[in-house]
Amino acid sequence: MRPYQVPIAVCGLALVWCGLQTAWGHAFPERSDPPAGATVAVAPALVRIWFDAALEPAFSSLRVQTARGQPIPHEEGQVDASNAALLTVRLPPLASGTYRVLWSVVARDGHRTEGTYTFTVQ
Amino acid sequence: MATIRSLSVVGLAWLLLLGLPTWSWAHGFAGQRFFPTTLAVDDPFVSDELSFLLSHTKEPRQGEEPPTGSTEFSVDYTKRLTPRLGLSLGGSYLHLNPEEGSTENGFGNLEVGAKYQLITLASAEALFSFGLTAEVGGTGARSVGAESVSTLSPSIFFGKGFGDLPETVPFLRPFALTGAFAANIPTRKQTVTTQVDPLSGDLSQETELHPITFSWGLTLQYNLQYLQAFVKDVGLGAPFNRMIPLVEFPMETCLNRGCGGQTTGTINPGIIWFGKYIELGAEATIPINSRSGKNVGALFLVHFFIDDLFPHSLGRPLFP
């Protein structure tokens, strides 16, 4: 093996090994419904955010408020019972306007991530 | 016996620490902003990480040294002692291919460092750290340019995301700026080498000056994952939804001892992709002036998030 092939081989093996690991790590949002920055014609009954890692239900939350920061009365956001990577909250009927979604999650490995985005109901 | 008992106590304490639940942010986060590890400018955060960096460039002629193709493979490992304090160890292996003369291979000097993440402002997406790095002189091979003198580099680092810009400029919010500034202070002003002329037997002295330099580097990043998740879902799929186009500006200005005021550096446009456990990066290195080189070089990064790979053991701070 030539000298320059050693680091390439080490990195290659490490990459394969990473691919075989259990899904630990920070939870990043993969997609959401309504999507970030979207304008929807019909008020959504649910806000759902799919993550790339399983979440700790006891330490994960999802809230929705108006663009001015007034809370919307709704049930507590929760991790879906059948999909540990899905965070969801059921909403009351929403009037036209812009709403802010705020989420905070703890992945199974204990790493916390958080985020916020807005969507608009026409 | 006392030694065994002490080791047992330390081992027990370590096991207890591993068993404690913790919720931490770990690598590169300030609020919802994720700062990636950059290739040329040091990061403003502390984390458990392992980096492999491959660089290739052509060094310009320096005095009697001919233009030289330089390929360097670097490894850097950082371990957190506490959530805010990390120690790092780095090494490199160089392959030099001069236009005139034979090729040279060898290790560069070892680098050890400490960094403390002093400020993390979630709402402002801001980080501030300071640290001290030491290049240990004489640990590398002289044939590849490793200095015999050690250099101490006190440094400061910052990171700032622009997520707090007004909603009227949404597409500017994924931008982030990071910077690193260091004074590089050699532990000797000069090295005097005495040589004997093999023909005449005369003694001659050669003096090599070790100037103090100032490193200053900036990176400008545009985080597409931030755009998708927090600003506007524009429908990017994998792998583009985890990409961060960026430009790095690693610069160095000599302050004294024969080269005062001279600045060298490169402008490095490139791209980073980050996954759950790894980050990959590639950049071109474009010299800013003839003193910095004439040819475009390249940088490649493979980076492992040790805190995500081993969250309950190696990736935890020793004292969480």
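For the range B:188-203, filtering for residues that are surrounded by 12 or more Cβ atoms within 10 Å (Cβ to Cβ) and in a loop (DSSP other than H, G, I, E, B) leaves 2.
Quick grid of which residues meet (1) in a strand (DSSP E or B); (2) within 12 Å of the chain's Cα centre (by Cα); (3) of a type outside the set (Asp, Glu):
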{"position": "B:Pro44", "(1), (2), (3)": "no, yes, yes"}
{"position": "B:Ser47", "(1), (2), (3)": "no, no, yes"}
{"position": "B:Ser51", "(1), (2), (3)": "yes, yes, yes"}
{"position": "B:Thr71", "(1), (2), (3)": "yes, no, yes"}
{"position": "B:Tyr93", "(1), (2), (3)": "yes, no, yes"}
{"position": "B:Leu118", "(1), (2), (3)": "yes, no, yes"}
{"position": "B:Leu132", "(1), (2), (3)": "yes, no, yes"}
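Taking the criterion of being at pLDDT below 85 and of a type in the set (Gly, Ala, Ser), the residues of the range B:174-203 that qualify are B:Ser200, B:Gly201. Number of residues in the range B:61-89 that are over 14 Å from B:Ala40 (Cα atoms) and touching a strand residue (DSSP E or B) at 6+ places or on another chain (Cβ under 8 Å): the value is 19. Residues that are surrounded by fewer than 14 Cβ atoms within 10 Å (Cβ to Cβ) and closer than 30 Å to B:Thr194 by Cα within the range B:204-242 comprise B:Ser204, B:Gln205, B:Glu206, B:Thr207, B:Glu208, B:Leu209, listed in sequence order. Considering each residue of the range B:134-141 in turn, at least one proves to be surrounded by 13 or more Cβ atoms within 10 Å (Cβ to Cβ), modelled with pLDDT under 95 and touching an Asp or Glu at 6+ places or on another chain (Cβ under 6 Å).
Within the range B:249-259, does at least one residue satisfy the condition of being among the polar types (S, T, N, Q), surrounded by 18 or more Cβ atoms within 10 Å (Cβ to Cβ) and more than 30 Å from A:Pro34 (Cβ to Cβ)?
We begin by selecting, within the range B:249-259, every residue among the polar types (S, T, N, Q); these are B:253, B:256.
Filter once more, so that each one left must be surrounded by 18 or more Cβ atoms within 10 Å (Cβ to Cβ): none.
Looking through the range B:249-259, none of the residues is among the polar types (S, T, N, Q), surrounded by 18 or more Cβ atoms within 10 Å (Cβ to Cβ) and more than 30 Å from A:Pro34 (Cβ to Cβ).
Restricting to the range A:76-122, count the residues that are farther than 30 Å from B:Leu314 by Cβ, facing another protein chain (nearest Cβ under 9 Å) and either in contact with a helix residue (DSSP H, G or I) (Cβ under 7 Å, 6 or more places away or on another chain) or modelled with pLDDT under 95 (or both). Qualifying residue count, the range A:76-122: 2. Only residues that are assigned to a loop (DSSP other than H, G, I, E, B) and within 14 Å of another protein chain (Cβ to nearest Cβ) were counted across the range B:167-187, and they come to 5.
Mind checking whether some residue in the range B:245-266 is within 9 Å of chain A (Cβ to nearest Cβ) and touching a residue at least 24 places away in the same chain (Cβ under 8 Å)? Step through it out loud before you land on a result.
Start the filter on the range B:245-266 by keeping residues that are within 9 Å of chain A (Cβ to nearest Cβ), which leaves none.
Within the range B:245-266, not a single residue is within 9 Å of chain A (Cβ to nearest Cβ) and touching a residue at least 24 places away in the same chain (Cβ under 8 Å).
Scanning the range B:214-235 for residues that are in a strand (DSSP E or B) and not small (Gly, Ala, Ser) turns up B:Phe214, B:Trp216, B:Leu218, B:Thr219, B:Leu220, B:Gln221, B:Tyr222.
Looking at A:Thr66, is it of a type in the set (Ser, Thr, Tyr), under 14 Å from A:Ala43 (Cα atoms), within 12 Å of another protein chain (Cβ to nearest Cβ) and in contact (Cβ under 8 Å) with a residue 12 or more places away in the chain? It is false that A:Thr66 is of a type in the set (Ser, Thr, Tyr), under 14 Å from A:Ala43 (Cα atoms), within 12 Å of another protein chain (Cβ to nearest Cβ) and in contact (Cβ under 8 Å) with a residue 12 or more places away in the chain. Of all residues assigned to the range B:216-230, none qualifies as being without any contact (Cβ under 8 Å) to a residue 60 or more places away in the chain and among the β-branched types (Val, Ile, Thr).
Picking from residues in the range B:113-131 that are of a type outside the set (Phe, Trp, Tyr) and in contact with a Ser or Thr (Cβ under 7 Å, 6 or more places away or on another chain), the one that is surrounded by the fewest Cβ atoms within 10 Å (Cβ to Cβ) is B:Leu118.
Within the range B:158-180, the set of residues being surrounded by fewer than 19 Cβ atoms within 10 Å (Cβ to Cβ) and either within 15 Å of the chain's Cα centre (by Cα) or free of Cβ contacts under 8 Å to residues at least 24 places away in the same chain (or both) comprises B:Phe158, B:Leu165, B:Pro166, B:Glu167, B:Thr168, B:Val169, B:Leu172, B:Gly179.
The values are calculated or read from the model by the stated rules, or taken from the named source; none is laboratory data. All values reported here derive from a predicted model rather than from experimental measurement. Neighbour counts run over all protein chains shown; Cβ positions are idealised from the backbone, glycine included.
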